[in-house]
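As structure tokens, the structure follows; a few thoughts come after it.
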Amino acid sequence: MSFFSKIFRKDEQIEPEKQVIDRESRVKTVSLENITLKLDNIQENGSKVALKLENISAQGLAFIYEKDKSEIAVSTTLQGVVFIRDNDCPVSLEVRYVGPRRVGCLVKNQDRKYHNMVNKYFLDELAALDLHQVKSEKLKNDPDGVPAWFFGDRNYELYYVEDNNQVVKFNLSIFGNIIDLKPGGNITCSTIIEDNTTTRAKFKKTEMVETTSKVPADILEHAKKFVSYIEDLNADHREQILKILEEASS
């Protein structure tokens with residue numbers, strides 16, 4: 001059929017174009033709810049400022065701060081208090097990276113109070129999950145297989161691809177911590193940063209992430225709980241993802 005006959009033939013019905021959703025490479029993070037940080041050296045009018053957090057784990061956290069950071073250099077130690085709902089805990093933080101919007105820190109506390117607070121926060125948030133599922137037929141085709149996507153209105157999602165009922169890769173985001181399984185079985189954990197102060201940083205879309213091959217134990221545990229709570233997740237795929245996460249913790 002010629003080009004002009006395609007245009008002018010009235011009796012030919014044109015198939016509607018399939019509407020697909022082009023998912024971003026990861027869920028967009030927002031500040032965590034019911035949790036703030038106050039530092040001794042960040043004050044306004046004599047009072048410590050309540051800083052919002054963008055990611056947190058038992059090992060570290062990142063707080064949002066877009067003002068002058070002249071006193072916040074990499075390797076600096078900061079003293080402050082983390083507030084989670086009605087609980088609080090003093091923290092000693094070692095600055096690991098400084099970006100235009102975020103400051104990432106290693107938590108140096110040796111006691112269990114901080115760890116227990118973070119663990120309870122994760123469990124409470126997971127219990128209140130409000131997940132949405134995008135059907136595979138509405139997702140952009142993936143060269144590795146059939147995609148599936150579950151996401152929430154805060155900082156969590158699960159995107160995975162299966163081929164012949166075998167999960168070949170997934171991207172799991174939970175409270176600013178990203179776990180990736182690549183085709184071939186390589187699993188990594190990432191946190192978002194905004195500058196190049198670490199040699200391990202790599203661009204991901206318009207931001208940067210610091211990636212390690214070791215997934216922190218507490219993040220793995222919460223990731224497993226998250227996967228277990230997704231009601232509409234295919235049972236076989238759930239079992240496979242949980243097995244992969246379990247093996248990563250061994």
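The values are calculated or read from the model by the stated rules, or taken from the named source; none is laboratory data. Computed from a prediction, not measured in an experiment: that's the story for all the values here. Neighbour counts are summed over all protein chains in view; Cβ atoms, including those assigned to glycine, are modelled from backbone coordinates with ideal geometry.
Annotations for the structure displayed:
- Wholly enclosed strands (runs of 3 or more DSSP E) of region 168-250 bearing at least 1 residues within 22 Å of Val118 (Cα to Cα) and at pLDDT 90 or above: 177-181
- Some residue of region 135-145 being modelled with pLDDT of 90 or more, under 17 Å from Leu51 (Cβ atoms) and either surrounded by fewer than 20 Cβ atoms within 10 Å (Cβ to Cβ) or touching a helix residue (DSSP H, G or I) at 6+ places or on another chain (Cβ under 6 Å) (or both): no
- Scanning region 51-78 for residues that are surrounded by 11 or more Cβ atoms within 10 Å (Cβ to Cβ) and under 22 Å from Glu33 (Cα atoms) yields a total of 15.
- Every residue from region 101-117 that is among the hydrophobic types (A, V, I, L, M, F, W, C) and touching a Cys at 6+ places or on another chain (Cβ under 9 Å): Met117
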